[in-house]
1. What does the net charge come to around A:G401 if you take all other residues with beta carbon closer than 15 Å to its beta carbon, with K and R at +1 and D and E at -1?
2. Can you check what the net charge comes to around B:E401, using other residues whose Cβ is under 15 Å from the Cβ of B:E401 (Lys, Arg +1; Asp, Glu -1)?
3. Please work out the Cα convex hull volume for the range A:117-222 and give it in Å³ per residue.
4. How would you rank A:186-198, B:381-393, highest first, on the average number of other Cβ atoms within 10 Å across their residues?
5. With the Cα gyration tensor of the range A:378-519 in hand, give its eigenvalues times 5 under a square root as the equivalent ellipsoid semi-axes, listed largest first in whole angstrom.
6. Work out the FRET efficiency for A:L469 and A:T24 from their Cβ-Cβ distance, taking R0 = 25 Å, and round it to the nearest 0.05.
7. Looking only at other chains, what is the average number of their beta-carbon atoms within 10 angstrom of each beta-carbon in A:71-81?
8. Can you pull the three principal axis extents for the Cα set of chain B, in Å, largest first?
Amino acid sequence: MTMLNVGRPTRPEATQATQPTTLTGGRGLLQDEALIFELGGWDKTGVDLPDADLGSDDLGELFRSAPIGLPGLSEPEALRHYVRLSQKNHAIDLALYPLGSCTMKHNPRLNEKMARLPGFSDIHPLQPTSTVQGALALMDQLAHWLKTLTGMPAVALSPKAGAHGELCGLLAIRAAHEARGDARKRVLVPTSAHGTNPATAAFVGYAVEEIAQTADGRVDLADLAAKLGPDVAAIMVTNPNTCGLFERDIVEIARLTHAAGAYFYCDGANFNAIVGRVRPADLGVDAMHINLHKTFSTPHGGGGPGAGPVVLSDALAPYAPTPWVVHGDAGFDLVEHAPDGSGSFGRMSAFHGQMGMYVRALTYMMSHGADGLRQVAEDAVLNANYIKARLSGAMTAPFDGPCMHEALFDDSWLEGTDVSTLDFAKAMIDEGFHPMTMYFPLVVHGAMLIEPTETEPKAEIDRFCDALLALAAAAKAGDVDRFKGAPFHAPLRRLDETLAARKPKLRWKPEAVTLVAAE
Amino acid sequence: MRYLPLTAEDRATMLGVIAAPSIDALYADVPASARRSGTVDLPNFQGEIEVERAMAALAGRNRPAGAAPFFCGAGAYRHHVPASVDHIIQRSEFLTSYTPYQPEIAQGTLQYLFEFQSQVAALTGMEVANASLYDGSTGAAEAVMMAHRITRRAKAVLSGGLHPHYAETIRTLAHVAGVDVLSQPAAIDGEAAVIEAIDAATACVVVQTPNVFGTATDVTRIAEAAHAAGALLIVVTAEAISYGLLKSPGEMGADIAVAEGQSIGNGLNFGGPYVGLFATREKFVRQAPGRLCGETVDAERRRGFVLTLSTREQHIRRDKATSNICTNSGLCALAFTIHMSLLGEAGLRRLAGVNHAQARKVAAALSAIPGVEILTPRFFNEVAVRLSKPAAGVVETLAEEGVIAGVPYSRLAPSAGLDDVLLIAATELTTDADIAALATALSGVLA
């Protein structure tokens with residue numbers, strides 16, 4: 001059937017000046033979607049299963065007889081529900097996602113395809129090791145790539161995310177000190193650090209002390225030297241740091257730390273800037289986690305899963321967690337229980353870590369190779385510096401000189417405009433971009449941290465810069481309403497976070513439905 | 001390089017705008033001793049064809065669970081995941097989005113997290129649930145830390161039915177937090193011993209049901225004993241499908257319910273990524289670890305969702321945070337919530353019933369074999385059996401014969417003195433023919 005165009009207008013009429021609000025809450029392709037609890041049926045299911053005797057007889061008192069309260073959807077209803085929800089999300093596949101320190105790069109689909117090979121996805125962590133030689137070989141190869149790229153002699157693969165990797169590194173450091181009977185009390189962390197650094201150090205039982213920052217956005221060596229002492233267990237330094245700068249004095253930082261008998265934990269969240277060009281081992285690092293979901297492009301999935309393998313120096317390697325892969329007589333083997341006399345600090349989770357992420361990360365590494373990974377770092381740094389150069393006329397950068405993979409701006413350029421960093425970020429949403437990381441790092445007022453990554457084409461970066469320059473001009477021209485009310489064109493307007501925290505409503509409850517039914 | 005859009009011309013133009021003579025100039029802050037002129041000693045880039053070939057070769061050296069009769073459980077279970085689940089989680093808007101820090105353009109993620117939390121609260125019979133942790137074992141360790149904060153006591157009693165790897169994970173964190181861990185000896189049914197161990201210094205009791213030996217346990221009396229002593233009860237579940245058949249932790253008096261959610265929506269994946277379920281009572285929510293999604297309204301009073309109560313979290317509280325967790329298991333939680341929405345209550349109960357029925361068939365078939373003793377008194381979908389030979393050797397032999405018979409308990413706890421114990425799980429994917437093959441093979445090797 002073709003669309004008949006006889007007898008109807010084929011050009012739009014003159015448009016009305018104001019937009020009427022819709023009657024249903026839907027807006028074109030954006031549907032106002034209810035919760036599954038308001039959509040589903042209590043007896044409905046979208047999965048056909050054989051009949052089963054529910055087996056209440058042999059379970060007695062343990063049989064769950066009370067209603068659980070779970071709605072069901074048929075498959076078409078489920079597809080619509082989740083596709084409608086998906087359309088309310090920004091995504092890297094849609095446009096630039098410049099969250100600083102998050103490294104939102106393209107996620108190659110080959111990685112997804114490989115992770116779904118039954119030989120990887122349908123194997124059990126505890127089936128005989130003779131039946132999973134390929135999986136153990138893959139872990140061994142991943143370890144080889146990570147060790148070679150960092151120049152470090154050992155790696156613990158099992159940590160499940162960056163923060164879990166930090167925990168692994170600090171646990172190894174604590175075990176190393178304990179093994180010498182040297183109980184230390186403090187961990188030094190720069191003020192610009194990610195919140196996970198102090199949280200991890202405290203979790204491992206250390207008092208956290210902050211290291212001051214210099215006027216050029218780097219660790220204050222004098223302050224570090226003054227605070228180092230015989231009770232300092234470790235320093236945790238992000239490099240490149242969260243201001244997007246390489247720590248120029250990193251080798252000296254490591255030297256001072258080691259001279260005090262402490263270990264150097266490096267937060268590797270920003271490894272993307274230097275991968276293939278700089279090896280952390282050459283900087284004096286003792287432990288560093290690598291976010292496979294950042295540098296090696298395993299998808300962030302709306303908040304995970306991640307993976308945070310930790311490379312370790314010779315000094316810390318003996319304390320690595322179980323399990324680990326070894327080359328045995330009959331191929332690869334898995335050491336799941338630390339042998340007697342081992343210094344291993346123990347186990348971090350039930351199984352061997354994030355295998356699904358290992359497959360994706362190794363696929364990514366093999367696709368890029370040594371030359372491609374070096375190019376990754378260079379293009380990421382080039383893109384960030386290009387953004388810094390293009391925006392610096394209109395926005396203010398707190399630190400001079402080249403940046404690494406992310407460009408940092410403060411809010412001094414917004415002074416007197418009545419537009420805040422938050423307002424500016426929300427107006428970016430209306431222009432079709434995800435805002436940058438805002439108000440972090442804490443050391444820069446009204447911080448805006450922009451990380452484009454290497455997978456953005458120049459045209460998209462120019463589009464982004466043009467949009468920000470236009471917004472900056474609007475802010476300076478006093479067009480405040482555009483910012484204060486933003487976003488206007490997102491699925492929702494600004495949300496009331498205070499209400500959410502003051503009267504927490506953390507789950508759907510059936511009361512509302514009962515009321516409607518009773519009317 | 002197919003993933004890098006910049007051309008040589010782009011790079012030259014951009015360097016011009018930056019006014020940098022070369023890319024090396026941008027790395028001027030790197031100490032000279034650490035600058036590398038060439039590439040590291042690894043292969044160079046490869047096309048999809050070459051990479052796919054190499055990865056397929058590695059995958060080919062593993063035996064997938066679907067290729068043979070398969071009975072491994074012990075904390076990871078092979079279930080059927082509807083095709084639509086994997087399709088939906090691969091939508092760009094879910095797969096390639098970040099943690100929902102800008103709620104106006106992340107309502108898709110936030111709404112499914114709210115639905116996920118609501119489903120987990122219902123399944124566990126608890127008042128509130130968080131937006132996921134890494135997995136069940138790290139969730140159990142977080143729960144012990146939370147009980148330590150709430151009670152200000154420093155002793156955790158672990159039941160003898162707790163998965164040994166969960167116990168080890170708890171011990172790793174407890175050691176640095178100064179919490180004493182009192183592990184009961186391995187026990188098929190150790191309820192009385194746990195109650196015995198509770199005293200006025202106990203922060204929490206950790207009990208697993210169904211436990212690592214498959215035993216479904218009524219923890220009501222343990223809850224009463226714990227509460228009488230001012231301690232909290234943490235109930236761990238490693239097989240989430242069991243919620244469809246067994247009384248929930250909440251109904252039995254749990255203060256914190258922790259589970260491995262892998263069974264719903266997520267494949268085996270050789271141990272990860274999985275999804276940790278974490279639920280508790282409303283009054284404890286401000287001590288809970290991890291992200292929480294809450295309902296609110298936007299500027300036009302429309303319903304919406306945001307991450308909330310974040311003053312507990314590391315990015316706000318830093319060294320005073322309840323946990324250091326940041327990235328969690330978002331996409332695995334999405335797979336969980338889609339599968340759960342498809343099942344609904346009716347589907348979940350039926351699925352649980354099929355699992356239980358298949359496990360009963362396994363128990364019946366094996367109890368007839370000389371040299372096999374069924375140890376688990378009441379089970380859901382997994383049973384522990386005592387063999388007349390060491391279980392690890394039996395499993396190796398049967399693997400060569402094409403049957404993956406289960407998990408030897410000695411693999412989880414080599415020094416427990418239970419070398420003859422084998423853990424055998426059945427699910428809706430276990431066929432009657434699989435069970436017959438297991439029985440035949442086992443009879444052969446034990447004869």
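1. Value of the local net charge: -4.
2. That sum, taken over residues with Cβ under 15 Å, equals -1.
3. Working: hull volume 19.2 nm³, N = 106.
Once divided by residue count, the hull of the range A:117-222 is 181 Å³.
4. Details: A:186-198: 24.5, B:381-393: 21.5.
Ranked by mean Cβ neighbours within 10 Å, highest first: A:186-198, B:381-393.
5. Semi-axes, largest first: 35, 18, 15 Å.
6. Working: r = 38 Å, r/R0 = 1.52.
Efficiency, from the Cβ-Cβ distance: 0.05.
7. Mean number of neighbouring Cβ atoms from other chains: 5.
8. Sorted largest first, the three principal extents are 81, 53, 48 Å.
Bear in mind that the values in this text are calculations on the coordinates, not laboratory data. From a predicted model like this one, the values you see are computed outputs, not experimental measurements. As a convention, Cβ positions derive from the backbone with ideal geometry for all residues, glycine included, and neighbour counts pool all protein chains shown.
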